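The values are calculated or read from the model by the stated rules, or taken from the named source; none is laboratory data. As the structure is a prediction and not an experimental result, all values here were calculated from the model. Using ideal geometry, Cβ is built from the backbone for each residue, glycine included, and neighbour counts are taken over all protein chains shown. Each accessible area value is taken on the protein alone, full model and side chains, heavy atoms only, with ligands, DNA and RNA left out. Shrake-Rupley method; radii C 1.70, N 1.55, O 1.52, S 1.80 Å.
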Amino acid sequence: MKNQISMKTALSREVKALKIWSKYTNIIGIIILTKLFSKGAPFVTMYLSARVINLLSAGAAKDSIVKMVILTLAVTAVLSIISTFLQKWKDLVSEGFWETSYKILADKKASMDFVDADSQKVADLISQIRQNNNWAGWGLYRSMATFETLMDALVTIICGTLLSVELFLLPVVSGKFSFLNNPLFAVVLIAVMVINSVLGGFINNIHEREWASYAEEARFGNRAFGAYGWFSNDISRAADIRLYRQDKITIKYMRQSDSFTETCSLAKKFRGKFGLFSFVKFGVQNIGNGIIYLFVCLKAWAGAFPIGSATQYIGAVTGVFMGVNSLLGALEEIRTNGKFLEDTFEYMDYPNNMYQGSLTTEKRRDTHYEVEFKNVSFKYPGSENYALKNVNLKFTVGEKLAVVGMNGSGKTTFIKLLCRLYDPTEGAIYLNGIDIKKYRYDEYMNIFAIVFQDFKLFAMPLGENVATSTDYDREEVTRCLEKAGFSDRLKKLPKGLDTFLYKNLDKEGVDVSGGEAQKIAIARALYKDAPFVILDEPTAALDPVAEAEIYSKFNDIVGDKTAVYISHRLSSCKFCDEIAVFHEGAVIQKGTHEQLLADPKGKYYELWNAQAQYYNEEIEEAS
Ligand code: ADP
């Protein structure tokens, strides 16, 4: 557990958290309004009931008693209706806040520079924030709950104080109880109240702190649970689990941390130390209440005020007691939560260092785009080595460019730079002669449709997967699936485009093979209708012959668009207009397949011959 933070820091973090929330919801205003009514209403009723009792005890006229009773009932009814309405409204608005707390994190991640979003530091921060949230809602989620408790307490204290001031101002006229008029008595009572509240708050705080500090101790247990708690539900693991009895080995890790059993240290504390604390807390609270009752009753008996007022003062003062108690509790909760918010803000305040341009890149129907890498070198953050070194490459409208080279030669890095996931360390990339940094990032990204190596599909209907939208052009989606070679399977799907992929959300969902999934991913890229289409070895799971087939077919599919093909398999790309051979981060050769093969000293020649032997074997085996 990190060291305690000051109340000032904690409060400023709470305010900052509420400001973040207020960008997503109008709940803060609704909470204030709800609390004013729901916590204030009982005091209004208490005040009016006291008036009724006073009238009764004074033997007032029946008329005035009836009027006061009707007024009390009417006001109470109206306030109850308003409170219930507000409470329901608040519940409705706060429905799904757990998800919203994650949406806030996800939105930040989506807007973060990719270099940071992809970093281990951010991954660790998110993991920490998630663990805190899952532990007891610590962090953003809790800040909303603490604000509610704070508002509860403040409204109760203000209303209770307003209704109890008179208790100290109305004097006992004379007699043996006139000592109760001594202002010292008020001081003593306030002192009792403060001691009671502080002690209650103090005990609450220890309780709260122990829970929070247990987060640290329970971390491994939480991690183990996160990793293995649900893994038996993961269908993709079913065969492995059964074959290797992975359930047994994971249980070892689940049990390694004694975080959630009856013998864990928290359970022991709750049985021993906390039991005693609770006893003391309730004892002191009841003694405090007893003293208040005694004081109010003696004053009423001595004639300082009628019996109805006595009920009001008792209710109001005990209300203040409870209010102060929960105020201290809320403040301590804010302080504890403030420590957890540290990680949240470190994440939320991650700066965007990439230059954000403002030029527009409207999609051009004539696909007149030209991209040029000029002396581009790049090192991954924290890495000493260049992943790309002095790359110069230009490709123009409608060209089919192949980027080939062995694994680790820099092909994917080249694409990541082209898509501005990272900025070059040296040199620059130009689109139609303008540095790509100067374009609006979202618009710039729109001109690329990429099928990444590790593309992902979702457990949602096929059509939505292709369009990545719920609202889409069905004919166009069907056309794209046909182009991608999925039409035969599409015809067999029970609900066509509305068939769910996978069974996570629909038991009639269909599973698709690796090859079929890849066709859907290609259809998705086609549906985007971007001028640049990039295939980053999406066929890695396929054999070389199948890959070559898909690549040459894809060439027909993309038509006049600019296509970039990436592969470590040379045979897949030999049809391209230009082939750039990457080696150790540099482009060492460029040309057509024939030109490159004509140079027996070149890398392309070497790789081609090394791989050709393998392909021949494959083909022989296949036949
Ligand atoms: P290819 O796509 O040709 O297989 P990559 O572009 O993925 O090659 O990798 C080029 C070089 O950059 C390799 O040396 C690889 O280890 C390194 N590299 C790739 N990704 C990262 C990363 N995220 N952080 C650090 N180094 C990386």
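Using the C-alpha gyration tensor of the stretch 252-400, what are the square roots of 5 times its eigenvalues, in whole angstrom, with the largest one first?
Working from the Cα gyration tensor, I get semi-axes of 71, 28, 13 Å.
Can you give me the % of accessible surface on the stretch 457-529 that is carbon or sulfur? Probe 1.4 Å, all protein chains present, nothing else counted.
Answer for the stretch 457-529 is 49 percent, counting heavy atoms of protein chains only.
Please sort by residue number the GluC sites (Glu not before Pro) in the stretch 435-527 whose DSSP state is loop and whose Cβ has at most 15 other Cβ atoms within 10 Å.
Within the stretch 435-527, the qualifying GluC sites (Glu not before Pro) (loop, at most 15 other Cβ atoms within 10 Å) are GLU508.
Using the Kirkwood radius built from alpha carbon pairs, what does the Stokes-Einstein equation give as D for the stretch 59-99 at 10 °C and 1.306 mPa s, in µm² per second?
Diffusion coefficient, whole number: 126 µm²/s.
Beta carbons within 10 angstrom, averaged per residue: use that to sort the peptides 299-311, 215-227, highest first.
299-311, 215-227
Among the DSSP beta bridges whose two residues both lie in the chain, what percent are antiparallel, rounded to the nearest 5?
50
Near THR146, within a Cβ-to-Cβ distance under 11 Å, what is the net charge of the other residues, with Lys and Arg +1 and Asp and Glu -1?
So the environment of THR146 carries a net charge of -3.
In the calculated pair distance distribution of the chain, what percentage of Cα-Cα distances lie above 43 Å?
47
Give me the percent of accessible area attributable to carbon and sulfur for the stretch 198-319, probe 1.4 angstrom.
63
Suppose each label sits 7 Å from its Cα in the direction of the beta carbon; what would the ASN134-THR261 distance come out to in nanometres?
2.1
Of all chymotrypsin sites (Phe, Trp or Tyr not before Pro) in the stretch 128-191, which ones are in loop regions per DSSP and have a Cβ with at most 16 other Cβ atoms within 10 Å?
Passing both the DSSP loop test and the Cβ count: PHE177.
Just to confirm, what accessible area per residue do you get for the chain at 1.4 Å probe, in whole Å²?
51
Take the stretch 457-529, compute every pairwise Cα distance, and split them into 10 Å bins from 0; I just need the percent in each bin.
All Cα pairs, binned at 10 Å, distribute as 23, 62, 15, 0 percent.
Beyond a 20 Å Cα-Cα separation, which of these cross-linked pairs lie in this structure: LYS121/LYS379; LYS394/LYS437; LYS374/LYS528; LYS8/LYS269; LYS389/LYS603; LYS416/LYS519?
LYS374/LYS528; LYS8/LYS269; LYS416/LYS519
Helix hunt in the chain: which complete DSSP H runs extend at least 15 Å axially by C-alpha with mean Kyte-Doolittle at least -0.5?
Those that clear 15 Å and a mean of -0.5 are 7-22, 27-57, 62-94, 140-169, 183-217, 273-301, 307-348, 514-527, 544-558.
Step through the residues of the stretch 560-569 one at a time and calculate ³J(HN,Hα) from phi using the Karplus curve (6.51 cos²θ - 1.76 cosθ + 1.60, θ = phi - 60°), rounding each to whole Hz and writing x for Gly and Pro.
8, 6, 7, 10, 10, 10, 10, 6, 8, 9
At a temperature of 10 °C and a viscosity of 1.306 mPa s, determine how fast the stretch 194-310 diffuses translationally according to Stokes-Einstein, using the Kirkwood radius over alpha-carbon pairs as Rh; express D in µm²/s, rounded to the nearest whole number.
It comes out at roughly 84 µm²/s.
With a sphere of radius 15 Å drawn around the Cβ of LYS394, what net charge do the other residues whose Cβ falls strictly inside it have (Lys, Arg +1; Asp, Glu -1)?
With Lys, Arg at +1 and Asp, Glu at -1, the neighbours total -3.
Which value at 222 nm does the chain reach when only helices count, each DSSP H run of 4 or more adding -39,500 (n - 2.57), with the total divided by all residues and rounded to the nearest 500 deg cm²/dmol?
-20000 deg cm²/dmol
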